[in-house]
Amino acid sequence: TGALDTGSSAITTTGTVNAGTVDLGNWTVTESAGVLYFATGGTNKMKLDASGNLTVVGNVTAYGTV
């Protein structure tokens with residue numbers, strides 16, 4: 001078993017966290033049938049399946065800087 005500690009602005013856990021959807025503010029990450037969906041504004045923008053296939057809506061920049 002793990003432990004969950006809450007603070008004023010964060011949580012800390014030891015062990016595993018299970019969640020169907022993680023809300024990150026403007027973005028959500030949802031797992032469904034082994035596929036991860038990354039959405040913003042309620043619209044899926046990226047999908048990563050269990051085989052490693054990545055599907056992206058919009059432009060992709062490789063080897064750029066952030």
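Readers should treat all values here as calculations from the given coordinates under stated rules, not as data from a laboratory. Since we're looking at a predicted model, the values are computed, not measured. Reconstructed Cβ throughout: ideal geometry from the backbone, glycine too, with neighbour counts over all protein chains shown.
Remark: the range 16-27, residue by residue, has Karplus-estimated 3J(HN,Hα) of 9, 10, 10, 8, x, 9, 10, 9, 10, x, 6, 10 Hz, where x stands for each Gly or Pro and the curve is 6.51 cos²θ - 1.76 cosθ + 1.60 at θ = phi - 60°. Of the peptides 54-63, 25-34, the ranking by mean beta-carbon count within 10 Å, highest at the top, reads 25-34, 54-63. Amide H contacts of residue 45: 38, 39, 40, each under 5 Å away and 5 or more positions distant or on a separate chain (H built 1.01 Å from N in the peptide plane; Pro and chain starts excluded).
With a cut-off of 9 Å between beta carbons, the residues surrounding residue 35 carry a summed charge of -1, where Lys and Arg count +1 and Asp and Glu -1. Highest mean first, the peptides 16-23, 45-52 sorted by other C-beta atoms within 10 Å per residue fall in the order 45-52, 16-23.
For the range 49-66, putting each phi into the Karplus relation 6.51 cos²θ - 1.76 cosθ + 1.60 with θ = phi - 60° gives couplings of 9, 5, 7, x, 6, 10, 10, 10, 8, x, 7, 10, 10, 9, 6, x, 10, 9 Hz, in residue order, rounded to whole numbers and with x for Gly and Pro.
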